[in-house]
Amino acid sequence: MIKKKAGLEIIDIKPRGYCKGVVQALRIVKQTRDENPEAEISILGKIVHNRYITEALNYYRIKTIDIPGLTREELLDYVDYGILILSAHGTGKKIVEMAEAKGLTVIDAVCNDVVSTHGIIDQAFTQGKQVVFIGKHNHPETEAVLQNYPLANLITQESDVNSLNLDSDQDILITNQTTLSIIEIQNIIRTILIKYPHAEVNNEICGATRVRQEAIINQTSLDALVVVGDPNSNNTAMLAQIGLENNIKYVVRIESIEDLVLDDFKAGWRVGITSGASTPTYLTDMVSHYLKNVDLEKPYEKPIIDLSKII
């Protein structure tokens with residue numbers, strides 16, 4: 001008698017993976033190398049939040065200047081010449097001015113959605129409005145907004161609204177970081193509007209973030225969710241959070257197949273697989289293929305990641 005394989009039912013959740021901003025940023029980086037084959041090229045901070053992309057860029061002789069705990073301004077001290085590429089998350093104007101003063105050639109790979117957010121905030125201040133910005137502490141997108149607009153009031157969680165002290169007789173604009181949870185931000189905005197009911201809301205969660213989160217919400221019968229992405233990627237974290245809020249009982253974040261642990265999976269489970277907007281398709285497909293073919297009782301060896309296939 002042939003024993004049936006103890007396997008899983010795998011649901012490839014779409015869309016997932018690269019958003020247009022990441023595609024654009026990587027295109028700019030590769031194009032810069034193609035057009036400047038011998039130049040010293042540095043990226044200020046990670047071009048996008050994915051370690052494997054950073055490692056793959058070494059193939060193109062492109063340095064990523066990223067030291068935990070240091071600001072973009074402090075990181076700039078480590079670049080003395082050549083071409084400087086700014087990350088997709090946006091960069092403060094002061095940093096650009098400092099880089100140009102050092103004689104660096106500056107190329108901006110900022111996401112168009114982030115540019116749009118800055119434009120909205122700029123217009124609001126020009127019109128004399130007070131600005132409330134919902135974002136994450138120490139995230140480069142939020143850091144860039146606060147550097148360019150130091151008068152913006154940062155809200156990182158619902159409880160922060162209690163400390164807001166705005167002029168109720170003056171116009172107020174509420175906007176946000178582009179990669180937040182669509183569920184979490186609704187609660188924060190609702191709380192702000194209770195306190196300042198006349199405030200104008202401009203929800204800037206980007207389309208890619210929104211549809212990826214909605215795709216998880218629409219999955220109503222998963223036993224488990226695997227989210228592939230960098231530990232420092234906020235949009236990846238939000239996908240996992242949405243899964244938990246959608247009552248999926250087992251949600252796990254992994255950076256790649258190397259982190260995949262099968263012990264907690266049970267045969268017959270329906271397992272959804274998604275990935276953050278800066279996660280290479282190659283890494284997600286590797287996880288999906290493995291889980292579709294593995295026997296939980298006799299798992300085969302995991303494949304080795306080939307960095308040349310990352311970007």
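The values are calculated or read from the model by the stated rules, or taken from the named source; none is laboratory data. From a predicted model like this one, the values you see are computed outputs, not experimental measurements. Please note: Cβ atoms are built from the backbone with ideal geometry, for glycine as well, and neighbour counts cover all protein chains shown.
What to note about this one:
- So Thr64, is it among the polar types (S, T, N, Q) and not in a strand (DSSP E or B): no
- Residues in the range 228-247 that are more than 14 Å from the chain's Cα centre (by Cα) and buried (at least 21 other Cβ atoms within 10 Å of the Cβ) were compared, and the one that is farthest from Met286 (Cα to Cα) is Ile242.
- Qualifying residue in the range 288-304 (condition: within 23 Å of the chain's Cα centre (by Cα), without any contact (Cβ under 8 Å) to a residue 24 or more places away in the chain and either surrounded by fewer than 18 Cβ atoms within 10 Å (Cβ to Cβ) or outside the structural domain of Leu225 (by TED's automatic domain parsing) (or both)): no
The rows are residues; the columns are (1) touching a strand residue (DSSP E or B) at 6+ places or on another chain (Cβ under 6 Å); (2) under 26 Å from Gly45 (Cβ atoms); (3) modelled with pLDDT of 95 or more.
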residue: Glu204; (1), (2), (3): yes, yes, yes
residue: Arg212; (1), (2), (3): no, yes, yes
residue: Ala215; (1), (2), (3): no, no, yes
residue: Gly229; (1), (2), (3): yes, yes, yes
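- Among the residues examined, Tyr282 qualifies as closer than 22 Å to Lys46 by Cα and of a type in the set (Phe, Trp, Tyr).
- The lone exception for Val211 - which of (1) in contact with a helix residue (DSSP H, G or I) (Cβ under 8 Å, 6 or more places away or on another chain); (2) under 14 Å from Lys14 (Cα atoms); (3) of a type in the set (Val, Ile, Thr) it fails: (1)
- Test: Ser116 is under 24 Å from the mean Cα position of the chain (by Cα), surrounded by fewer than 20 Cβ atoms within 10 Å (Cβ to Cβ) and among the small types (Gly, Ala, Ser): yes
- Selection count, the range 12-27, where residues are surrounded by fewer than 18 Cβ atoms within 10 Å (Cβ to Cβ) and either out of contact with any helix residue (DSSP H, G or I) (no Cβ under 9 Å at 6 or more places or on another chain) or small (Gly, Ala, Ser) (or both): 2
- Some residue of the range 65-75 being farther than 14 Å from Pro140 by Cβ, touching a residue at least 40 places away in the same chain (Cβ under 8 Å) and in contact with a strand residue (DSSP E or B) (Cβ under 7 Å, 6 or more places away or on another chain): no
- Flag for Thr64 being touching a Lys or Arg at 6+ places or on another chain (Cβ under 7 Å) and among the polar types (S, T, N, Q): yes
- Test result for Ala88, surrounded by 22 or more Cβ atoms within 10 Å (Cβ to Cβ), more than 30 Å from Tyr300 (Cβ to Cβ) and not basic (Lys, Arg): yes
- Only residues that are outside any helix (DSSP H, G or I) and either among the small types (Gly, Ala, Ser) or under 13 Å from Phe265 (Cα atoms) (or both) were counted in the range 279-297, giving 4.
- Complete set of residues in the range 121-134 that are surrounded by 14 or more Cβ atoms within 10 Å (Cβ to Cβ) and within 30 Å of Gln31 (Cβ to Cβ): Ile121
- Test: Leu180 is in contact (Cβ under 8 Å) with a residue 24 or more places away in the chain and closer than 23 Å to Ile10 by Cα: no
- Of residues in the range 28-46 being out of contact with any Leu (no Cβ under 9 Å at 6 or more places or on another chain) and either at positive phi or not in a helix (DSSP H, G or I) (or both), the one surrounded by the fewest Cβ atoms within 10 Å (Cβ to Cβ): Glu38
- Residue in the range 64-72 that is surrounded by 21 or more Cβ atoms within 10 Å (Cβ to Cβ) and of a type in the set (A, V, I, L, M, F, W, C) present: no
- All conditions in (1) assigned to a strand (DSSP E or B); (2) under 21 Å from His118 (Cα atoms) hold for His49, with the sole exception of (1).
- The sole residue among Leu180, Leu154, Leu173 that is at negative phi, aliphatic (A, V, I, L, M), surrounded by fewer than 20 Cβ atoms within 10 Å (Cβ to Cβ) and not assigned by TED's automatic domain parsing to the domain that holds Leu244 is Leu154.
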